[in-house]
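Presented below is the structure to which this report refers.
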Amino acid sequence: MMNGLLKDRLIEEGERIAGSKRADTIEFVANRESSSTLRFSSSRFHQGISVSDASFHIRVTIGRKIGVASTNSIERDALDRCLDEALSIARSTREEPFLLRIPGPCRYAKISSFFESTERATNGEKALLVSTGFRDAGRSGVLHSGALSTAVGEIAVVNSRGLKACHPYTFVHLSSVASKGDATGFESAVSNDLTEIDVRGLMSASAGTCLKSSSPGESKPGVYRVLLEPAAVSELVHWLSYTGFGAKGFHDGTSFASERLGEAVTGEKVTIYDDGLDANGMAIPFDFEGSPKRRLSLIDKGVASGVAYDSVTASIEGRESTGHGPFPGDNEGPFPEHVFMEGGDAAAPDMLPLLGDGILVKSFHYVNGLLNPRESLMTGMTRHGTFLVSGGAVKCALRPMRFTENILEAFRRIEAVSRETAVYPNGSFPLGSVSVPYVLIDGFSFTS
Amino acid sequence: MKGLFVSILARLKRLGADYADIRHERITTESLQALDGEVEGFSTDTSAGVGIRVLYKGAWGFAATNVVNEAGAMKAAEEALAIARAFSAVNADKVRLSEAEPFVECYSTPYIIDPFNVSPERKISLIAGVTGAALKENGISSAEAFLEFSKAEKEFFSTEGAVITQTILTSGGGYHVIAGDGDDAQVRSYPDGHHGLFATRGYELLDELDFMGNLPRVIIEARSLVSARECPTGARDIIIDGPQLALQIHESCGHPSELDRVLGAELGFAGGSFLTLDKLGAFRYGSPIVNIYADPNEPFGAGSYRFDDEGVRGTRVDLVREGVFTGYLTSRETAPSIGGASNGSMRGEGWGGLPIIRMSNICMEPGKGTLVDLVSDTKDGLLMSVNRSWSIDDKRLNFQFGSEIAWEIRNGKLGQAFRNPVYYGTTPRFWASCDAVCGRDDWRIWGLNSCAKGEPLQTAHVGHGASPARFKSVEVGVRKI
């Protein structure tokens, strides 16, 4: 529903606001987005949601005072009022102990995130794609739930130091949950390009897992060898990056990385980094302050090696931003949002034989990493496919199980990592992702 | 804008819509944060737009836009109709709405002090003051405080003739301190975790909460956790305080009693519910002293309103009465499945959120006595306070919750503190073990500002009335296996 891209208008308004010389520094961040979400439940569309919105954030500094205001109206008088509001806040607030240093003009990598195939697809065409999956599954009595979400948007950053950045994007995410009785299966895919998403194939794959999940058995709590598929690993790595690799948690001591940079925190098979420029994830050339994206090592062969900073946390600690300025208005500070866990040397099809005897976990549900983030203690449930494996082959389905585990310790016990990786959404902004492999762990605690 | 919206609704009817409604909202938000005595963030946000919902041949479409003029609203209406048409061509079964009276009314949540008229200096002093004071204390490594105020001005119009305006004013805030010794970092919050306590009240709420007066206790407790032992493991009698019980009610009673969830609307995302239709009126949810109700009319709850976002007057419903499961949170679409009318539980996040069934204020009725009485009556147990972590399965049965602190109870007396306490179980068995609920003196309505549901993810303010309660023989601690 978005009326084309407004790059020139956004930059023009940004230059007008940022060039007003009404404060020591002025930053203007604009995000326009039209999204469509077609939700389906039990092979029926139940919610179709189309939203066209924008956000215009203005951050000003007067000396060491900072003011922030935002509006969702692009009308000139609304933007002027927004600037007035930010100035009013800056005048009425207290001085910060640091001087905020914002980036100047930057050069950005060329990244293609905008695909006309996604922009042009109508809701009717997208509904037709999904309904084909309904019909396929119907023959085996499987019902489909999930959502096909698309977005078309653009982000622009302009500041009074002369920085100008603009990036258009498209986004597609399919989540497919197949169910038959209590048995379920799950598949998910994310891309900038709708034609890259094999909607029918993914729905068929989730139906296949569902059909294998029937008549689940019970398994006692205990420590098991596990093969975690990428969907499951993505939840753990997401929580590790949320609780461990942000500058705020590092500063206040709640992060497991606090005072441990340079120390081995996992086994050597684990390398995790953030790279907003890597097109294997959902790439973006700059962060929400206009700082260029670049690779940031987080765990290098098991050794804690880095933390994400934005301009605010970097200014406080007298260092450079790592290019992780959060979406304006997000008060939790910077986090890695383009996370990669490096693949290993095992082929995914060989991992089940390598597991031998143990449990295969397709995905996790409701993982929570706040139990004791300092120790990376997490809990969660298995979901959409838990299988007992014997002699390297799936023996039977199991009911969902709860794990409670120190994830960094578990990652010390990793025996094999697949070459193949899969990408999942990460965070609320569409251009965030986590890319992870299959992981075989010799000892994972299931507690109930 | 009324004339424009009425004419759009008339046009949608002419184009064949079974039903349509329009929500026009303007939400103003002010947020302040302080970290270690300094202002960490101070911002305002204004968001305005129109959301239009269309039912066409039994299928829904929803479109929303921030362009609040004739062209923008008309385009959204056409988009919503196009989605509904596309869905009606695929869906075999058709949506049927329960009857609802088309109200023509105005309503505003009551307050004494408009927080938007309170000076920035006063707000900054509150949060910078409490975090600065905390940081001066030995053993405290960091302190952070939050304030958030929002005013939602809402207009609702429907093809059935409803014209409703509401203004919902919400205030909230809180703080936490972190005590650390290099090897560990422990958090203690006031008055609740997760950015504090929220209510449909004015700034008077913040005055009453007395951040500074509670700081000495919070600091002592945080410091005690650093040297405290890990929470023991095994089956113990536990007393759960109000803020922690509020989250327990939220996750294990509120969400599973959402009828859209029961009927499968969230199967593709958050999951279903163990409270299936066959259980209504018959299922033993908890012990006979467990009484839980939903009521958007509860005064000052974070989830208080008079009309929901499909124009239905919010009414009280008993979810659990004397331990038996007795009711759902419903909408006009879902209510016919249990043979009734909607109890007014539909809300969308702002103008751009499709209304879905949300908790309003889900409250557990108070029992008898005080927390002091209950501790005195407990021979061997734990008192757990303020939520820290939460996880529950997709049917809302298997849960594990962690709190910030637990105290040992021996022979009716509180003893040493334990760190990293968790308890876990399955929902009906857990509620069946409830043998005591404290009385009205210890009851208050707690409020969260971040209940998440739906795709795209929507957050809502929800209230939970609770007083401390005791549960027998609950598994606690993280077992070493």
Worksheet entry | Probe 1.4 Å - accessible area at B:Val39, Å² to nearest ten | 10 Å²
Response to the item:
Filtered hits (lysines, Cα-Cα < 23 Å from B:Lys94, offset >= 8 within chain) -> A:Lys126, A:Lys180, B:Lys13, B:Lys57
Worksheet item: Residues with beta-carbon under 13 Å from that of B:Lys480, excluding B:Lys480: net charge, scoring Lys, Arg +1 and Asp, Glu -1?
Response: -2
Worksheet item: When we measure straight from the Cα of B:Lys151, which lysines land under 28 angstrom away, once same-chain ones fewer than 8 places off are left out?
Response: A:Lys65, B:Lys2, B:Lys75, B:Lys123, B:Lys453
Fill in: Protein-protein interface of the stretch B:464-481, residues with accessible area decrease of at least 30 Å², isolated chain reference, 1.4 Å probe
B:Val478, B:Arg479, B:Ile481
Fill in: Of A:Ala207, A:Ala393, A:Ala147, the one that fluctuates the most in a GNM where chain A has Cα springs shorter than 10 Å
A:Ala393
Practice prompt. Could you please state how large a percent of the accessible area of the protein assembly as shown is carbon and sulfur, counting protein chains only and using a 1.4 Å probe?
Written response: 50 percent
Fill in: Size of electric dipole in the stretch A:7-212: Cβ of Lys, Arg +1 and of Asp, Glu -1, about Cα centre, debye, nearest 20
320 debye
Practice prompt. Return the whole-Å distance between the Cα centroid of the stretch A:379-448 and the Cα centroid of the stretch A:221-272.
Written response: 13 Å
Practice prompt. Only Lys, Arg, Asp and Glu count, each charged at its Cβ (+1, +1, -1, -1), so figure out the dipole size of the protein assembly as shown about its Cα centre, rounded to 20 debye.
Written response: 1440 debye
Item to complete: Take the alpha-carbon centre of the stretch A:13-83, take the same for the stretch B:400-423, and report the distance between them in whole Å.
Response: 45 Å
Item to complete: Run through the DSSP bridge list for the stretch B:230-476 and note the antiparallel percent, rounded to the nearest 5.
Response: 90 percent
Practice prompt. Post the alpha-carbon centroid distance, the stretch B:349-369 to the stretch B:40-116, in whole angstrom.
Written response: 20 Å
Item to complete: Round to the nearest 10 and report in Å² the accessible area of A:Ile66, as given by a 1.4 Å probe over the protein chains' heavy atoms.
Response: 30 Å²
Discussion item. Order A:Arg139, B:Arg229, A:Arg59 by their accessible area, 1.4 angstrom probe, all chains in place, largest first.
Written reply: A:Arg139, B:Arg229, A:Arg59
Discussion item. Can you bin every Cα-Cα distance in the stretch B:230-476 into 10 Å intervals starting at zero and give me the percent of pairs per bin, rounded to whole numbers?
Written reply: 8, 33, 36, 17, 5, 0
Worksheet entry | Residues of type aspartates and glutamates that B:Lys368 reaches as a straight line, Cα spacing below 20 Å, ignoring anything fewer than 8 places off in the same chain | B:Asp237, B:Asp241, B:Asp318, B:Glu322, B:Asp377, B:Asp435, B:Asp441, B:Asp442
Fill in: Candidates per trypsin sites (Lys or Arg not before Pro) in the stretch A:349-446, loop by DSSP, up to 11 other Cβ within 10 Å
none
Discussion item. I need to check one value: relative contact order of chain A, counting alpha carbon pairs closer than 8 Å and at least 6 residues apart, in percent.
Written reply: 15 percent
Worksheet item: the stretch B:24-78: which GluC sites (Glu not before Pro) are DSSP loop and have at most 12 other beta-carbon atoms within 10 angstrom?
Response: none
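The values are calculated or read from the model by the stated rules, or taken from the named source; none is laboratory data. This is a predicted model, so every value here is computed, not measured. Here Cβ is always computed from backbone atoms with ideal geometry, including for glycine, and neighbour counts include all displayed protein chains. The accessibility values were calculated without ligands, DNA or RNA, using every heavy atom of the protein model including side chains. Shrake-Rupley method; radii C 1.70, N 1.55, O 1.52, S 1.80 Å.
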